[in-house]
Amino acid sequence: MIALAIALLLQREPLPAYADASRCAGLTISHHRTIAQDRASTKAFDDSLYWSLVVGERARKDRIPHSRFERDMADATERADKELAARAPAAVVDLARCAARVPH
C-alpha cells in the first residue's frame, strides 16, 4: 500500500536531483538500521523506503547505470553510517530535512 501511494506521488511531484536523493536515501537507510529495534523504526522505515524509491526513480530518469546506482547507494549509506555514528551536525540536520520532506 505504501509503495502504491509513493508511486502515485512520484508521478505528480518533481523529483529532487540525484545527489540530493542519494544523500537522503543514505541517511534514512542508515538511521533506520540504527534504530530498527526502537518504536520509532516504523517512521524511519517509511522514510528510508520513500527515499529509496525516489532515488531509484531519479536514477532511472537520469539513465544512470544500475551498477553505478548500487555503488552510489552503498557509498552514501556507508558515509551516512559514519557521520551519524559520529553525530556530525550536518548529517543530523540533513537527516531531519530529509525526514521532513517525506509526505505523510
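Which FRET efficiency, nearest 0.05, do Arg60 and Val93 yield, Cβ-Cβ r, R0 30 Å?
On the way: r = 29 Å, r/R0 = 0.95.
Approximately 0.60, to the nearest 0.05.
Using packing as a proxy for protection, rank 21-34, 53-66 so that the peptide with the highest average count of other Cβ atoms within 10 Å comes first. Display every interim value, and only then the final one.
Details: 21-34: 23.6, 53-66: 15.7.
So the order, starting with the most tightly packed, is 21-34, 53-66.
Please find the FRET efficiency linking Ala36 to Arg68, where r is the Cβ-Cβ separation and R0 is fixed at 22 Å, and quote it to the nearest 0.05.
Working: r = 28 Å, r/R0 = 1.26.
Using R0 = 22 Å, I get an efficiency of 0.20.
Rule-based calculations on the coordinates, nothing more; no lab input. For clarity, every value in this text was computed on a predicted model and none was experimentally measured. Here the Cβ is made from the backbone with ideal geometry for all residues, glycine too, and neighbour counts use every protein chain on show.
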